[in-house]
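To start, the structure itself, in structure tokens.
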Amino acid sequence: MPLFKSLSSKSIQDYKVAVWRVSESEEDLRQNLNLSEVSELRLSNMKSETHRKCFLAVRQLLKTYQIEDAAIKYKPSGKPFLDSGISISISHTMGYVAIALGFNVEVGVDVEQHREKILKIASRFTGEGAVASLESTSDRIEKLTAIWGAKESIYKILDREGLSFREAIKIDDFTLESHHSSAWVDENRFHFTFETFDNHTLVYTYQTKTLS
């Protein structure tokens, strides 16, 4: 069972993050899963084996936290949620899936493979100065991937259609060695952490829940 990485906060902001390396067959990933009728239908409609394997790997990850498939529901936007009130976020990329669970915070997670393409689209989601001081192409790719991941994970938390990554989500500058920073949407602050492994970057973000 390739649970690749498992992280837990050590503060009052109680969240958990886990990453699964998807290396098994689809049949193996189905083992010990009790999928709901809704999930079986979703799975049968997925033409890509890669997508099916990621879908099943997410369920295996959730099972490690005693969360069964039937507990996962989706808003019309596609955002997953749990009736228990635990905040949940899901991400997948080539070869990996990641989940984040927030127990007294809202959480978002994103895992991305490093690609040179991000250099060409950077102006769509961040300003020119974000990587101006970095001479290495690989460092620029790594930082841009972290910025994208932070903004993507915040977008998942807010679930706000039409939110501009470039204009609405502002990132406090950071170094690759710092592994964490803050971001802002209006007056709302978000905290994110990023890690790099196997030519991928994992970003997980939290925001304290608003008391009602």
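Since every read-out is calculated from the coordinates, none of them should be taken as a lab result. None of the values given here were measured: they were computed from a predicted structure. Cβ atoms come from the backbone with ideal geometry, glycine included; neighbour counts cover every protein chain shown.
Could you check residue 74 against (1) closer than 21 Å to residue 205 by Cα; (2) aromatic (Phe, Trp, Tyr); (3) surrounded by 12 or more Cβ atoms within 10 Å (Cβ to Cβ) and say which number it fails?
(3)
I'd like to know if the stretch 73-87 contains one or more residues that are among the β-branched types (Val, Ile, Thr) and touching a residue at least 24 places away in the same chain (Cβ under 8 Å).
So the first thing to find is which residues in the stretch 73-87 are among the β-branched types (Val, Ile, Thr), and the list is 86.
Still in the list and also touching a residue at least 24 places away in the same chain (Cβ under 8 Å): none.
Checked the stretch 73-87: no residue is among the β-branched types (Val, Ile, Thr) and touching a residue at least 24 places away in the same chain (Cβ under 8 Å).
Restricting to the stretch 131-147, name every residue that is touching a residue at least 40 places away in the same chain (Cβ under 8 Å) and among the small types (Gly, Ala, Ser).
If the condition is that a residue be touching a residue at least 40 places away in the same chain (Cβ under 8 Å) and among the small types (Gly, Ala, Ser), then 146 is the only one that fits.
Of all helices (runs of 4 or more DSSP H) completely enclosed by the stretch 22-135, which ones contain at least 3 residues that are among the aliphatic types (A, V, I, L, M) and farther than 30 Å from residue 170 by Cα? Spell out the reasoning first.
On the way: elements: 26-30, 37-44, 49-63, 117-121.
The qualifying helices (runs of 4 or more DSSP H) are 37-44, 49-63.
Mind checking whether some residue in the stretch 27-43 is under 22 Å from residue 195 (Cα atoms) and either touching a residue at least 60 places away in the same chain (Cβ under 8 Å) or not basic (Lys, Arg) (or both)?
Checked against the condition, which is being under 22 Å from residue 195 (Cα atoms) and either touching a residue at least 60 places away in the same chain (Cβ under 8 Å) or not basic (Lys, Arg) (or both), the stretch 27-43 yields no hits at all.
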